[in-house]
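Read the structure below first, then the notes.
The values are calculated or read from the model by the stated rules, or taken from the named source; none is laboratory data. Values in this document were obtained by computation on a predicted structure and should not be read as measured data. With ideal geometry, Cβ positions are generated from the backbone for all residues, glycine too; neighbour counts draw on all protein chains shown.
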Amino acid sequence: MDRLKADQAPNHKTSRRAEFTPKLLTVLAEGYGAKAFGADMMAGLTVAIVALPLSMAIAIASGTTPERGLYTAIIGGFLISLLGGSRFQIGGPAGAFIVLVAATVSQHGLSGMLTATFLAGLILLALGALRLGTYIKFIPYPVTVGFTAGIALIIFSSQIKDLLGLTLTGPDPAELVAKYESLGAALGSFNAAAFGLAVLTIAVIVGLKRWRPTWPGMLIAVVLAGGLALLVGLPVETIGTRFGGVPSSLPQPMLPDLSLPSVFAVLPNAISFALLGAIESLLSAVVADGMTGRRHRSNLELLAQGVANMAAALFGGVPATGTIARTATNVRAGSRGPISGLLHAVFILAFMVLAAPLMSYIPLAALAGVLAVVSWNMVEKHAVVLLARSLNGDTLVLAATFLLTVLKDLTYGIVVGFALAALLFIGRMAKSAGVESDDDEEVREQDPDVVVYRLSGAFFFGAAGTVSAVLDRINSGHSGLVIDVSRVSLLDSSAANALVGVAQGAEKRGVRFALSGAGAPLRAELEAHGLGRTRTIFAPDSAAAVLALKA
């Protein structure tokens, strides 16, 4: 509880000052000693060991070279921890980006991908500066589960070639159906040695996670596979044979192509990068909050993600974001704050400088095995089953998001899924709005010629038409009409306009009209829409309204 209070602002002024204060400064201000640094060093080393093979695997699957994933983990990861709004966020390349990055590289080349990454950073900066981080977290759960499952299927599909050691007769298609047709045609080139290494990698990762969960399963599996391939001389493709190895230093920073034609060409890709990066990073921060009881600063996190992506593009990296698995590993490894994230980036740089020649011997089949495990872990199996059994439309949202992500692209999946979820929500909220006659005997005795109706629930554009239609059917033979809004939980401009229309209609029919139970904000909203120009009587409750109509 004390840790939670430490991250919560005690008043509005303090909250506004702290909103854009990096969590690194918050941690240092609380007091940071040698014991905390030791814990962060061990956590940073643990995460770096996990991130090393994963960063290279993600970069390769994205259609680039392995070192570009390392550049992103080093540069992007360092800046996200340095400037971010989460104590435990670990940044770097993420599996969720594989689909988008591969499509961008295919369409616009490496240069276009770097431009899109830089522009995505600018967009993220704008989102953070405009304080939109809170709203991005409102992505419906079925949409998140659907596009994550879709991405997982696409990632796995992209690794089948290296898992089986296949040699394609042409370029690897991006479209899923065409990809499987191409893979089927290449089955005759099946490489048993590559498949065996992939199975060994998966078995080691799964086995160590079960029996030795604190061990770095991915790194151990990749090292074992690489050592076996080298010692036995297995005929499998490696990082060295396909890419010529991994450099042992960072490149000189270089501004990507920001000419207008290039910017306009990749802008849709940049928007997709920014949207996914914002969702992924804030989800990761929420997961860390749930594990630790802390509270992240969403808008500051978006600013940090923006700077990290711009810097990653300058160094030739792929897009950076907060990564859920590595962030959770950081928490479980005993991290005390952002310094573990800074050290994780430093350790990866040290690995690259010292062990670059050895990385050339890593089999691509082993990295494909790593991503096969990643894609399996991405799917929230329990959530998929739960949502598939849902009776309130979540199944439809899940299926639409998943299918569009797989068959079209991620942006379509998210946008259509969100729109569909919103429509279903509007429908459910509209049904919750009600209008009923007030059968209070005391009210009827005061004046039987006055009819009283009570509105309840959310009275908004989705329900305004239905409710106003009911009110319009009220028998004009009554001398007075009272509408009680004391149970209205929400009223928007459409609903306000509908009530004004009811008041005007009553006035034209010579029926006296009163509104009861309207608080000051609701009354101000109604008067702003024209209710003040009618002869409406305002009363605190229905009984008082009937008395006012009789006066």
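Quick notes on this structure:
- VAL416 satisfies every condition listed in (1) aliphatic (A, V, I, L, M); (2) outside the structural domain of ALA203 (by TED's automatic domain parsing); (3) in contact (Cβ under 8 Å) with a residue 40 or more places away in the chain except (3).
- The residue that is surrounded by the fewest Cβ atoms within 10 Å (Cβ to Cβ), counting only those in region 507-543 that are at negative phi and more than 49 Å from the chain's Cα centre (by Cα), is LYS508.
- Criterion (within 26 Å of MET42 (Cα to Cα), modelled with pLDDT of 95 or more and in a helix (DSSP H, G or I)) met by exactly one of ALA328, ALA312: ALA312
- For ARG68: the one exception among (1) closer than 22 Å to ILE151 by Cα; (2) touching a Ser or Thr at 6+ places or on another chain (Cβ under 7 Å); (3) buried (at least 23 other Cβ atoms within 10 Å of the Cβ): (2)
- Some residue of region 257-280 being buried (at least 20 other Cβ atoms within 10 Å of the Cβ) and among the charged types (D, E, K, R): yes
- Residue match in region 53-63 (condition: within 25 Å of THR214 (Cα to Cα) and touching a Ser or Thr at 6+ places or on another chain (Cβ under 6 Å)): no
- Residue among VAL500, VAL546 that is crowded, with 17+ Cβ neighbours inside 10 Å and touching a strand residue (DSSP E or B) at 6+ places or on another chain (Cβ under 7 Å): VAL546
- When ARG131 is tested against (1) assigned to a loop (DSSP other than H, G, I, E, B); (2) closer than 30 Å to ASP162 by Cβ; (3) among the charged types (D, E, K, R), just one condition goes unmet, and that condition is (2).
- Options GLY226, GLY217, GLY188; residue that is free of Cβ contacts under 8 Å to residues at least 60 places away in the same chain, of a type in the set (Gly, Ala, Ser) and buried (at least 17 other Cβ atoms within 10 Å of the Cβ): GLY217
- Residues that are aromatic (Phe, Trp, Tyr), part of a loop (DSSP other than H, G, I, E, B) and either in contact (Cβ under 8 Å) with a residue 12 or more places away in the chain or touching a Gly at 6+ places or on another chain (Cβ under 9 Å) (or both) occur in region 85-99; there is at least one.
- Pairing residues of region 301-318 that are at positive phi with residues that are surrounded by 24 or more Cβ atoms within 10 Å (Cβ to Cβ) and not acidic (Asp, Glu), at Cβ distances under 8 Å and at least 6 apart in sequence or on separate chains, gives GLY316/ARG68; GLY316/TYR71; GLY316/LEU114.
- Region 137-160: number of residues that are of a type outside the set (Phe, Trp, Tyr) and surrounded by fewer than 19 Cβ atoms within 10 Å (Cβ to Cβ): 4
- Output for region 316-330, where each listed residue is more than 20 Å from the chain's Cα centre (by Cα) and surrounded by fewer than 24 Cβ atoms within 10 Å (Cβ to Cβ): GLY316
- Filter result for ILE123 (at pLDDT 90 or above, hydrophobic (A, V, I, L, M, F, W, C) and within 25 Å of the chain's Cα centre (by Cα)): yes
- In the set GLY226, GLY240, GLY245, only one residue is more than 17 Å from THR115 (Cβ to Cβ) and outside any helix (DSSP H, G or I); that residue is GLY245.
- Note on region 174-202: among residues that are small (Gly, Ala, Ser) and part of a loop (DSSP other than H, G, I, E, B), the one that is nearest to GLY63 (Cα to Cα) is ALA174.
- Answer residue from region 338-378, given it is among the small types (Gly, Ala, Ser) and surrounded by fewer than 24 Cβ atoms within 10 Å (Cβ to Cβ) and is modelled with the highest pLDDT among those: ALA350
- Criterion violated by GLY146 - all others in (1) more than 20 Å from the chain's Cα centre (by Cα); (2) touching a residue at least 24 places away in the same chain (Cβ under 8 Å) satisfied: (1)
- Just one of the numbered conditions (1) of a type in the set (A, V, I, L, M, F, W, C); (2) in a helix (DSSP H, G or I); (3) surrounded by 24 or more Cβ atoms within 10 Å (Cβ to Cβ) is not true of LEU125: (3).
- Within region 391-408, being in contact with a Leu (Cβ under 8 Å, 6 or more places away or on another chain) and assigned to a loop (DSSP other than H, G, I, E, B) holds for ASN392, GLY393.
- Tally of residues being over 16 Å from GLU301 (Cβ atoms) and either outside the structural domain of ALA313 (by TED's automatic domain parsing) or crowded, with 24+ Cβ neighbours inside 10 Å (or both) across region 86-117: 14
- Flag for ALA203 being closer than 21 Å to ILE49 by Cβ and modelled with pLDDT of 95 or more: yes
- Going through (1) closer than 27 Å to SER360 by Cβ; (2) part of a helix (DSSP H, G or I) one by one, PRO171 falls short only on (2).
- Scope region 176-212; condition basic (Lys, Arg) and out of contact with any Pro (no Cβ under 7 Å at 6 or more places or on another chain); matching residues: LYS209, ARG210, ARG212
- Hey, ALA304 modelled with pLDDT of 90 or more, farther than 16 Å from LEU119 by Cβ and not in a loop (DSSP other than H, G, I, E, B) or not: yes
- Scope region 241-256; condition surrounded by 16 or more Cβ atoms within 10 Å (Cβ to Cβ) and of a type in the set (Val, Ile, Thr); matching residues: VAL246
- Positions within region 32-51 being hydrophobic (A, V, I, L, M, F, W, C) and surrounded by fewer than 24 Cβ atoms within 10 Å (Cβ to Cβ), in sequence order: ALA34, ALA36, PHE37, ALA39, MET41, MET42, LEU45, ILE49, VAL50
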